[in-house]
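First up is the structure itself, then whatever we jot down about it.
FYI, it's all coordinate maths here, none of it is from the lab. Keep in mind that what you see is a predicted model, and the values were worked out from it rather than measured. In this analysis, Cβ positions are derived from the backbone assuming ideal geometry, glycine residues included, and neighbour counts consider all displayed protein chains.
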Amino acid sequence: MKVYLDNAATTPLDPEVFEAMLPVLKDGFGNPSSTHSYGRKIKSLIERARKNVAKHLNCTPGEIFFTSGGTEADNMAIQCAVRDLGVKHIITSSIEHHAVGHTVEKLKAAGLVELTYVHLDEDGHIDLQHLDQILSTSSKTLVSLMHANNEVGNLLPLERVSEICEKHGALFHSDTVQTMAHYRFDLNLVDKVHFLACSAHKFHGPKGVGFLYVNKGVQISPLICGGSQERNMRAGTENVYGIVGLSKAMDVAFKDLIHHQEHVTELKSYMIDRLNSSIEGVQYNADCDNLARSLYTVLSVSLPPSDIASMLLFNMDIMGVACSGGSACTSGANSGSHVLAGIEAPMNRPTIRFSFSRFNTKEEIDYAVTCLAKLYA
Ligand code: PLP
């Protein structure tokens, strides 16, 4: 049996998305910047996709800029905020994705910003009181905090954080790569968020495409210079197939979102029950088993210390189960997870991250738990 439980890394392309991309791959070769009919036809697909994405998020099409994915969107938001918006101070957390973490470190090393890491509470959530405190003493600040952590699943109360930022006149960027098209966003209600990053391959869309939402109240210049694509905001011939796929993947996700959420939440809860009854001493990292405060697609399992720890993923893979894992890294070390280190996960307990999608089944969960229990027998 082959079981794919690594959906936080990437998801399989939805067949409906494949079907929507196919005609563009086959015949849609025109360059969207060309003014002849081939170009105009393709350009209209991009603009239709932009309108569709904006409709789903309740924002305006002018606030959506297509990028090569989540990494570029995060870079664009952070680097442009520093270069164009007078940001001198960045507040972030130690458990952000490297797309954010390495970007802010680079800006600090270049002497462009002061960098402050907000405290985490004992469950690995952002300490909002501390955020409020450090914001009240600072110069022009960008707060960059992810909506859901890709390794341990902790969810950020987006609206609450946006209110705190608003109170202090700070800009707010959130890496929503793991949550976009997994939750409904009404950006008309949360209009204190200035930047949101999205990546299509996290919700059954194609790889190499995403977007940055830039609140209409914010004016930035392009990060990538060249042609006048994306209304002069992101140069480079557009990934048209990808953009069409992203838009379709959003349609499919939102069409039946509640059903998908219920199905995946049930799988997660089922796996927790099965693990609890199959492996003695099993625990969950951060707040992963708190269904109300964690991303329903991610389960980060903390396993009892074991001699086979370093071989766990390899053995699971041999048995046909794809998942990911790690252990807390020591500071300064290149290997290991900075997220597990950030939440102070015990160094001697191996972690396996299982991450689910709407295509997974209870039978697959049973198989994965049986395999893991065998290794622990
Ligand atoms: N941010 C988060 C939270 C992610 O999980 C990922 C991908 O793993 C990224 C950013 C990067 O996205 P992309 O693969 O589209 O560059």
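A few remarks follow.
- Point-charge dipole on Cβ atoms (K/R +1, D/E -1) for region 167-321, about Cα centre, debye to 20: 680
- Relative packing of peptides 239-250, 362-373 - highest average C-beta neighbours within 10 Å first: 239-250, 362-373
- Anisotropy class of region 72-217 from Cα gyration tensor, a/c 1.5 cut: rounded
- Rounded to the nearest Hz, the phi-derived 3J(HN,Hα) couplings of region 78-91 under the Karplus curve 6.51 cos²θ - 1.76 cosθ + 1.60 (θ = phi - 60°) are 6, 5, 6, 4, 6, 6, 10, 10, x, 6, 10, 9, 10, 10, where x marks glycine and proline.
- Distance between the C-alpha centres of region 146-184 and region 14-75: 25 Å, rounded to the whole angstrom.
- Each Lys and Arg Cβ is given +1 and each Asp and Glu Cβ -1; about its Cα centre, the chain then shows a dipole of about 1380 debye.
- For region 193-252, the C-alpha radius of gyration sits at 1.19 times the compact-globule guess of 2.2 N^0.38 Å, with N the residue count.
- The orientation-averaged projection of the convex hull spanning the C-alpha atoms of region 151-228 amounts to 6.8 square nanometres.
- Whole-Hz couplings from phi, Karplus 6.51/-1.76/1.60, listed for region 298-308; x for Gly and Pro: 10, 10, 9, 9, 9, 9, x, x, 7, 5, 8
- Cα principal axis extents for the chain, largest first, Å: 66, 54, 35
- The magnitude of the dipole of region 1-155, with charges of +1 and -1 set on the Cβ of Lys/Arg and Asp/Glu and taken from the Cα centre, is near 1040 debye.
- Of all DSSP-defined beta bridges confined to region 1-154, some 10% are antiparallel rather than parallel.
- Förster-model FRET efficiency, 56 Å R0, residue 130 and residue 22, C-beta, rounded to 0.05: 0.65
- Cβ-defined net charge surrounding residue 173, 11 Å radius [Lys, Arg +1; Asp, Glu -1]: -3
- Distance in nm between pseudo-label sites at residue 335 and residue 47 (7 Å out along the Cβ direction from Cα): 5.4
- Relative to the current alpha-carbon distance between residue 167 and residue 306, full extension at 0.36 nm per residue lengthens the span by 45.2 nm.
- In this structure the amide hydrogen of residue 7, modeled in the peptide plane, comes within under 5 Å of the amide hydrogens of 355, 356, none closer than 5 places in sequence on its chain.
- Rg ratio (alpha-carbon, reference 2.2 N^0.38 Å) - region 1-107: 1.42
- Residues in region 367-377 carry Karplus couplings, in order, of 4, 4, 5, 4, 4, 5, 4, 4, 5, 9, 6 Hz; the curve used is 6.51 cos²θ - 1.76 cosθ + 1.60 with θ = phi - 60°, and Gly or Pro positions show x.
- Of the residues 257, 80, 204, the one whose Cα sits farthest towards the positive end of the charge dipole of the chain is 80 (charges of +1 on Lys and Arg Cβ, -1 on Asp and Glu Cβ, taken about the Cα centre).
- Amide H within-cut-off set for residue 178, under 5 Å, with H built and near neighbours excluded: 148
- Global geometry of region 175-331, whether rounded, prolate or oblate, following the gyration tensor of its Cα atoms and the 1.5 cut on a/c: prolate
- Qualifying chymotrypsin sites (Phe, Trp or Tyr not before Pro) for region 10-44 [loop in DSSP, other Cβ within 10 Å: at most 12]: 29
- Gain on full stretching of the segment that runs from residue 276 to residue 36 - 0.36 nm per residue minus C-alpha separation: 80.2 nm
- Where labels lie 7 Å past Cα in the beta-carbon direction, separation of residue 218 and residue 237 in nm: 3.1
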